[in-house]
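Down below is the structure, laid out as structure tokens.
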Amino acid sequence: MLELLTGAGLASAAGLNAYIPLLAVGLIARYTELLTLGPGWQWLEHPAVLVLLGVLLALELVADKIPAVDSVNDVVQTFVRPTSGGLTFGAGAAAVDTADIASASTGDGSWWPVLSGVVIALVFHGLKALARPVLNTVTLGTGGPVISTIEDICSAVMSVLAILVPILVLVLPPLTVAGGVLLWRRRRRRAAAVKAGPAADTDPDPTGGV
């Protein structure tokens with residue numbers, strides 16, 4: 001059960017940032033004994049893979065904080081984040097190895113951890129991709145970098161906790177979604193108040209100046 005929670009937590013984190021959970025899995029598996037990857041997933045802890053993930057993460061961190069570019073990046077990440085979710089779910093749950101992948105075409109259900117991770121990551125990515133253009137419009141592009149930073153932090157925290165304290169996966173993703181919705185609504189109300197302020201100042205005096 002805990003292994004499934006670990007996989008679900010990592011897939012949720014991948015929906016916010018594709019590379020943070022992959023890097024977390026690789027680093028923790030390579031340098032600690034907290035996570036032991038199956039034979040089919042040990043490539044994630046190879047130094048070359050870790051360096052590549054680090055470079056991709058750096059590019060993602062920059063692209064996701066530039067208005068307009070972040071929306072284009074979300075389109076590209078529609079394929080990357082669900083893939084990352086499938087990989088991290090499979091690796092975290094330790095339920096899929098090379099033999100499983102080889103026999104998956106026989107219809108024995110071996111693909112279910114990967115497919116579950118894809119679906120979970122796609123849901124979180126969809127919420128993120130739909131909210132970002134609205135947020136950029138409402139805040140004139142100023143809210144995107146702030147929200148992106150919060151998403152990166154949530155992805156990192158969720159990735160680590162999914163491995164160290166997987167039971168928290170039952171509450172952390174729902175809280176992340178609820179927090180994002182509340183923050184978005186708060187910023188929207190603030191932007192509406194700022195927009196209404198100058199308009200109110202230009203209204204004629206109903207008393208006629210008396």
Query raised in the report: In the list LEU122, LEU140, LEU135, which residue meets the criterion of being at pLDDT 80 or above and either open to solvent by 10 Å² or more (accessible area, probe 1.4 Å) or over 15 Å from ALA13 (Cβ atoms) (or both)?
Result: LEU122
Query raised in the report: Which members of region 119-133 meet the condition of being under 10 Å from the mean Cα position of the chain (by Cα) and charged (D, E, K, R)?
Result: LYS128
Query raised in the report: Under 8 Å by Cβ, and 6 or more places apart or on different chains, what pairs join a residue from region 144-156 that is within 18 Å of ALA68 (Cα to Cα) and of a type in the set (Val, Ile, Thr) with one that is at pLDDT 85 or above and open to solvent by 40 Å² or more (accessible area, probe 1.4 Å)?
Result: THR149/LYS65
**Report entry** Members of region 60-72 that are out of contact with any Phe, Trp or Tyr (no Cβ under 7 Å at 6 or more places or on another chain), under 18 Å from ILE153 (Cβ atoms) and not small (Gly, Ala, Ser)
**Finding:** LEU61, VAL62, ASP64, LYS65, ASP70
Query raised in the report: For region 127-134, does any single residue satisfy the condition of being without any contact (Cβ under 8 Å) to a residue 12 or more places away in the chain and of a type outside the set (Val, Ile, Thr)?
Result: yes
Report task. Find the residue count for region 19-49, including only residues that are open to solvent by 20 Å² or more (accessible area, probe 1.4 Å) and assigned to a helix (DSSP H, G or I). Result -> 14
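Residues checked against (1) touching a strand residue (DSSP E or B) at 6+ places or on another chain (Cβ under 8 Å); (2) crowded, with 19+ Cβ neighbours inside 10 Å; (3) of a type in the set (Ser, Thr, Tyr); (4) at pLDDT 85 or above:
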site	(1), (2), (3), (4)
LEU56	no, no, no, yes
LEU59	no, no, no, yes
LYS65	no, no, no, yes
ARG81	no, yes, no, yes
GLY92	no, yes, no, no
THR106	no, no, yes, no
TRP112	no, no, no, no
**Report entry** Flag for ALA191 being in contact with a helix residue (DSSP H, G or I) (Cβ under 7 Å, 6 or more places away or on another chain) and modelled with pLDDT under 80
**Finding:** yes
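The values are calculated or read from the model by the stated rules, or taken from the named source; none is laboratory data. Here the structure is a predicted model, which is why all the values come from computation and not from measurement. Using ideal geometry, Cβ is built from the backbone for each residue, glycine included, and neighbour counts are taken over all protein chains shown. Note: areas computed on protein heavy atoms with side chains; ligands, DNA, RNA excluded. Shrake-Rupley method; radii C 1.70, N 1.55, O 1.52, S 1.80 Å.
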